[in-house]
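*Asks:* The structure that follows is given in the form of structure tokens.
The values are calculated or read from the model by the stated rules, or taken from the named source; none is laboratory data. Not measured: the values here are computed from a predicted model. Don't worry about glycine lacking a Cβ; one is built from the backbone with ideal geometry, like all the others, and counts go over all protein chains shown. Quick note on the areas: whole protein, heavy atoms, side chains included, nothing else; ligands and nucleic acids left out. Shrake-Rupley method; radii C 1.70, N 1.55, O 1.52, S 1.80 Å.
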Amino acid sequence: MKYLTYQQTKVPALGLGTWKAKKGEVYGAVREALHIGYTHVDCAPAYMNETEVGAALKEMTGSGQMRREDLWVTSKLWNNAHLPGDVQPALKKTLTDLQLDSLDLYLIHWPVAFKPEVALPKSGDDYLSLQEAPIIDTWQAMEECVAAGLVRHIGVCNFNIAKLEDLLAKAAIAPMMNQIELHPYLQQQKMLEFCRQRQVLVTAYSPLGSPDRPKGMKKKNEPTLLGHEAIKAIAKKHGVSPAQVLIAWGLQRQTAVIPKSINQVRLRENLEAAELRLEENDLRHIAKLERGYRYVDGAFWEMPGSGYSTKELWDD
Ligand code: A2P
């Protein structure tokens, strides 16, 4: 297993994504994944499945098949718990659901805040602005969670460089991680460079292009990553699958990669991608696929009066 290193901490570079893994499917998937050698699980209360993930974690660690300290568990603070007094209760609920005493990593899921009673906003009135719920206030409450021993490391998701820079300037504990969408159509070169310089790790989400997103989140005529001819050709040359090429590409760029699967065969296939070594020539071909394309573009937070727009979310 490959690791990313952060100060004295080793983060398993390949993790299991659980977004879109449904109840009834995710328990078996997590159990199988840990059984075959995954040591990193990426979770969030917004995925509505943490109790099932927790049951699988408990089964594996409680039965002695795996030690808790050999497992890396990440979860995320949902957008309706950004007010400082809401952060620790949200984390405690996640810990209860995951049946853990502490997390390895807790991330701010989006730099977007909702009113506390809102799970998913229906109108602009359901939001809090970043003036009403400043990121730094949320962050200080996250820092208190570290002091309370509820989580070892803290970080963010979906932050652009400007927001990261601002947070790095103000934080007492620097963010360990920025989890962002990252794949050959959205290579995030500038972000990777910035994060390398400022010692922030990067996790690539939707590394396979997230083909199982709900219809409402899909645009017409979306480009597919798994079906791209260049990816298929590289896969054929190495005798592997397109998914393995995409995962290996992310790992070779020193990012953590969290492909989601609930299928036994594909779970193993994805894990084995860590053994694949892409050649310089492969990397050059993949570099040409950049098109600034986001599958998860944040447009769902754009509604009249919300105060949030994709323009201020991203650098591009
Ligand atoms: P499944 O869960 O049935 O395996 P992403 O990680 O980018 O969000 O993509 C997840 C999607 O990719 C899911 O639809 C998942 O389906 C599918 N998937 C996961 N692993 C593979 C693989 N090795 N080959 C093809 N599709 C895969």
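*Asks:* Here's a check for you: in segment 94-127, which residue that is surrounded by fewer than 16 Cβ atoms within 10 Å (Cβ to Cβ) and assigned to a helix (DSSP H, G or I) is farthest from the chain's Cα centre (by Cα)?
*Replies:* Asp125
*Asks:* Select, from Arg284, Arg294, the only residue that is more than 16 Å from the ligand (Cβ to nearest atom) and of a type in the set (Lys, Arg).
*Replies:* Working: Arg294 fails: more than 16 Å from the ligand (Cβ to nearest atom).
Sole residue among the options that is more than 16 Å from the ligand (Cβ to nearest atom) and of a type in the set (Lys, Arg): Arg284.
*Asks:* Somewhere in segment 251-265, is a residue part of a helix (DSSP H, G or I), more than 9 Å from the ligand (Cβ to nearest atom), more than 21 Å from Ile180 (Cβ to Cβ) and in contact with a strand residue (DSSP E or B) (Cβ under 8 Å, 6 or more places away or on another chain)?
*Replies:* no
*Asks:* Picking from Gly305, Gly216, which residue would you name as being open to solvent by less than 80 Å² (accessible area, probe 1.4 Å) and more than 19 Å from Leu186 (Cα to Cα)? Full working, then the answer.
*Replies:* Values: Gly216 fails: open to solvent by less than 80 Å² (accessible area, probe 1.4 Å).
Answer to the selection: Gly305.
*Asks:* Tell me, yes or no, whether segment 47-58 has at least one residue that is within 16 Å of the ligand (Cβ to nearest atom) and assigned to a loop (DSSP other than H, G, I, E, B). Steps first, answer last, please.
*Replies:* We begin by selecting, within segment 47-58, every residue within 16 Å of the ligand (Cβ to nearest atom); these are 47-49, 52-53, 56.
Adding the requirement that they be assigned to a loop (DSSP other than H, G, I, E, B) leaves 48-49.
For segment 47-58, residues within 16 Å of the ligand (Cβ to nearest atom) and assigned to a loop (DSSP other than H, G, I, E, B): present.
*Asks:* Against the condition of a type in the set (A, V, I, L, M), within 16 Å of the ligand (Cβ to nearest atom) and either open to solvent by 10 Å² or more (accessible area, probe 1.4 Å) or outside any helix (DSSP H, G or I) (or both), how does Leu130 come out, does it pass?
*Replies:* No; evaluated as a whole, the condition is false for this residue.
*Asks:* Something else now. Filter segment 224-249 down to the residues that are surrounded by 14 or more Cβ atoms within 10 Å (Cβ to Cβ) and either outside any helix (DSSP H, G or I) or hydroxyl-bearing (Ser, Thr, Tyr) (or both) and list them by number.
*Replies:* Listed by number, the residues that qualify are Leu225, Leu226, His228, Val240, Ser241.
*Asks:* Let me ask another. Can you name the condition, by its number, that Leu71 falls short on among (1) of a type in the set (A, V, I, L, M); (2) within 20 Å of Ala21 (Cα to Cα); (3) touching a strand residue (DSSP E or B) at 6+ places or on another chain (Cβ under 6 Å)?
*Replies:* So Leu71 meets the others, but not (3).
*Asks:* Also, I was wondering about something else. On the given criteria, is Thr9 of a type in the set (Val, Ile, Thr), in contact with a Lys or Arg (Cβ under 8 Å, 6 or more places away or on another chain) and at pLDDT 95 or above? Lay out the reasoning, then the answer.
*Replies:* Working: of a type in the set (Val, Ile, Thr): yes; in contact with a Lys or Arg (Cβ under 8 Å, 6 or more places away or on another chain): yes; at pLDDT 95 or above: yes.
The answer is yes for Thr9.
*Asks:* Any chance you could count how many residues in segment 19-38 are surrounded by fewer than 22 Cβ atoms within 10 Å (Cβ to Cβ) and either outside any helix (DSSP H, G or I) or modelled with pLDDT under 95 (or both)?
*Replies:* Of segment 19-38, the ones surrounded by fewer than 22 Cβ atoms within 10 Å (Cβ to Cβ) are 19-20, 22-25, 27-28, 31-32, 35-37.
After this cut, where a residue has to be either outside any helix (DSSP H, G or I) or modelled with pLDDT under 95 (or both) as well, the list is 19-20, 22-25, 37.
Residues in segment 19-38 being surrounded by fewer than 22 Cβ atoms within 10 Å (Cβ to Cβ) and either outside any helix (DSSP H, G or I) or modelled with pLDDT under 95 (or both): 7 in total.
*Asks:* Check Leu167, Leu150 and return the single one that is closer than 29 Å to Arg68 by Cα, surrounded by 15 or more Cβ atoms within 10 Å (Cβ to Cβ) and either within 12 Å of the ligand (Cβ to nearest atom) or in contact (Cβ under 8 Å) with a residue 12 or more places away in the chain (or both).
*Replies:* On the way: Leu167 fails: closer than 29 Å to Arg68 by Cα.
Residue meeting the stated conditions: Leu150.
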